Amino acid sequence: MRPDLSVLYADHLDTLKQRADEALQRGGFDALVVPSGRLHFQYFDDRDYPYAVNPQFKAWLPLVRVPDSWLVYQPGQRPKVIYLQPFDYWHVVPSAPSGDWVEHMDVAIIRKPEEAAQHLPKDIARCAILGEPQSALGDYVPNNPVPVVAYLEYHRAFKTPYEVEMMRAASRIGVRAHRAAERAFRAGASEFGIHLAYCQAAQQDANDLPYSNIVALNEHGAVLHYTDRDRMPPKPVRSFLIDAGASFDGYACDITRTYSNDTSDEFQALIDAVDRAQLAMCDQVRNGFDYRRLHLDAHLSLSRILKDFGLITVTPEVAVETGVSSAFFPHGIGHGIGLQVHDVAGFAESDRGGTLPKPDGHPYLRLTRALAPGMVVTIEPGLYFIDMLLEQLKDRGLGPSVDWARVDAFRPFGGIRIEDDVVCTDGAPINLTREAFAA
Ligand code: GLY
Ligand code: MN
Ligand code: MN
């Protein structure tokens, strides 16, 4: 039975109010003021960039397309939404406020952005205003007080049950679209065609998605953030790596799958090995486990695979120690996810600030905190055949650690990444991605 979202949303709001009460008290402020953000325009042009809502705003409200609106919260009072519904016949304007949130908030409709000022708290010096500089309205200039932001962002890592449901819904959409993408790949579509099949199945356009789709055939899988999307398929098609997400009411999923065109070939066997290792890593998403440990353990387990497939000549332990594993797995094992695909405060030592360092030699790890119930993280190990990084091994005298004939055999397939979104709980982790694929 699906949970009652209206009950979960009410509880979520209570949690946000408690967090805001504490954050304001720490910063010495009386009110939290959060603009939804503005449209930005291209220089020397009248065209706007895609609008991106302020994450501090969508934390409170499932509204992602209401620019120039505001959220105001004062401890002990109902939150207030200042909601811009302009008189505008050029664009679609936000529809009348509706949804579970409406009964929990006071709503003031405005017709012009400037009208917001009359609904904002009068004593501006007592307001913590969280937003981008461009959101300034007269003297209401975002000040983003450090103690307030540090507290809110640190605790945002701990998702409420409502937020987990939002991410579960995003995962279901993402998986539906991943299935459509695999079908398009098997039917011989180009990268561009696969991307369109994905968007069609997700019913989401580029600006709805939480990040740009990575749709990579053959060697393109070795470009970690490949977003070119060739209009014609290569000949022959050997492999397919897709890293693509979906959004639901402002929450993201982040999913990667890799496929071989010939499911009986050695590349498929390598995918299967990474998939098995990835599942074991997902099982490490446990209360108290240091995410840095998870990342370093991943290097060892991926090095075992490299050894099993004859790609390295040294032991897995030596491959990790010497940095050989980093040439094949050159990114972090994952990151927090939620309102943003790469959620904030990944390095926060506490809710008062401070930084938890990355392990030496691992500059791209985005999360260094210990895992705790409510955290949602991605687990995304990969193995790639990236000439630039492999050449650097030779330059460092580590050429003999690699079997170059085996690298030559795998290079045309690009690379492998398998990525799931996993919830840390008091007990066994919940894998939102596998859950959606199993449904
Ligand atoms: N899709 C970006 C990432 O996996 O972090
Ligand atoms: Mn990711
Ligand atoms: Mn991803």
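The values are calculated or read from the model by the stated rules, or taken from the named source; none is laboratory data. Every value quoted in this text rests on a predicted model; they were computed, and no experiment measured them. Positions of Cβ are generated from backbone atoms using ideal geometry, with glycine treated the same way; all protein chains shown enter the neighbour counts. Heavy atoms of the whole protein, side chains included, go into the accessibility calculation; ligands, DNA and RNA do not. Shrake-Rupley method; radii C 1.70, N 1.55, O 1.52, S 1.80 Å.
A few remarks follow.
- Looking across segment 376-396 at every residue that is away from ligand 3 (no atom under 16 Å from the Cβ) and open to solvent by less than 10 Å² (accessible area, probe 1.4 Å), the one that is nearest to V324 (Cα to Cα) is identified as L393.
- All of (1) over 22 Å from M388 (Cα atoms); (2) more than 15 Å from ligand 3 (Cβ to nearest atom); (3) in contact (Cβ under 8 Å) with a residue 24 or more places away in the chain hold for A222 with one exception: (1).
- Among residues of segment 141-152 that are assigned to a helix (DSSP H, G or I), those with a beta-carbon under 7 Å from a residue that is open to solvent by 30 Å² or more (accessible area, probe 1.4 Å) and not charged (D, E, K, R) at least six positions away or on a different chain give the pairs V148/F29.
- Checklist (1) surrounded by fewer than 20 Cβ atoms within 10 Å (Cβ to Cβ); (2) touching a Phe, Trp or Tyr at 6+ places or on another chain (Cβ under 8 Å); (3) assigned to a loop (DSSP other than H, G, I, E, B) applied to G361, failing item: (2)
- As a summary of the residue check, A169 satisfies the conditions (1) outside any loop (DSSP other than H, G, I, E, B); (2) touching a residue at least 60 places away in the same chain (Cβ under 8 Å); (3) within 14 Å of ligand 1 (Cβ to nearest atom) except for the one numbered (3).
- The set of residues in segment 176-219 being within 16 Å of ligand 3 (Cβ to nearest atom), crowded, with 20+ Cβ neighbours inside 10 Å and aromatic (F, W, Y) consists of Y198 alone.
- Residue match in segment 342-361 (condition: within 14 Å of ligand 1 (Cβ to nearest atom), small (G, A, S) and at negative phi): yes
- Scan of segment 398-426 for residues that are without any contact (Cβ under 8 Å) to a residue 24 or more places away in the chain and open to solvent by 30 Å² or more (accessible area, probe 1.4 Å), ordered by number: W404, A405, D408
- Pair list, Cβ under 7 Å, 6 or more apart: segment 191-203 residue under 19 Å from Y226 (Cβ atoms), other residue open to solvent by 20 Å² or more (accessible area, probe 1.4 Å) and not in a helix (DSSP H, G or I): E191/R229; E191/D230; F192/R229; F192/D230; F192/R231; H195/R229; A197/A189; C199/D205
- For the condition open to solvent by less than 60 Å² (accessible area, probe 1.4 Å) and part of a loop (DSSP other than H, G, I, E, B), V33 does not qualify.
- Among the residues examined, K58 qualifies as under 27 Å from the mean Cα position of the chain (by Cα) and either open to solvent by 20 Å² or more (accessible area, probe 1.4 Å) or closer than 29 Å to D351 by Cβ (or both).
- Residues that are more than 16 Å from ligand 3 (Cβ to nearest atom) and either closer than 22 Å to I386 by Cα or aromatic (F, W, Y) (or both) within segment 230-261 comprise D230, P233, P234, K235, P236, V237, R238, S239, F248, S260, N261, listed in sequence order.
- Boolean, E114 is more than 24 Å from D21 (Cβ to Cβ) and in contact (Cβ under 8 Å) with a residue 40 or more places away in the chain: no
- Check on I333, in a helix (DSSP H, G or I), touching a residue at least 40 places away in the same chain (Cβ under 8 Å) and within 17 Å of I418 (Cα to Cα): no
- S171 being small (G, A, S) and touching a strand residue (DSSP E or B) at 6+ places or on another chain (Cβ under 6 Å): yes
- Hey, P121 assigned to a loop (DSSP other than H, G, I, E, B), open to solvent by less than 30 Å² (accessible area, probe 1.4 Å) and over 20 Å from G250 (Cβ atoms) or not: yes
- Lone unmet requirement of (1) aromatic (F, W, Y); (2) open to solvent by 30 Å² or more (accessible area, probe 1.4 Å); (3) within 18 Å of P62 (Cβ to Cβ) for F158: (3)
- Annotation: of all residues in segment 321-340 being within 16 Å of ligand 3 (Cβ to nearest atom) and open to solvent by 20 Å² or more (accessible area, probe 1.4 Å), the one that is nearest to R19 (Cα to Cα) is Q340.
- Checked against the criterion of being of a type in the set (S, T, N, Q), open to solvent by 10 Å² or more (accessible area, probe 1.4 Å) and touching a residue at least 24 places away in the same chain (Cβ under 8 Å), segment 259-269 contains one or more residues that satisfy it.
- Of all residues in segment 273-285, none are more than 16 Å from ligand 1 (Cβ to nearest atom), polar (S, T, N, Q) and out of contact with any helix residue (DSSP H, G or I) (no Cβ under 6 Å at 6 or more places or on another chain).
- A single entry from P86, P97, P75 fulfils the requirement of being within 26 Å of S350 (Cβ to Cβ), more than 27 Å from the chain's Cα centre (by Cα) and without any contact (Cβ under 8 Å) to a residue 60 or more places away in the chain: P75.
- Just one residue in the set L241, L224 is within 16 Å of ligand 1 (Cβ to nearest atom), surrounded by fewer than 23 Cβ atoms within 10 Å (Cβ to Cβ) and within 22 Å of D408 (Cα to Cα); that residue is L224.
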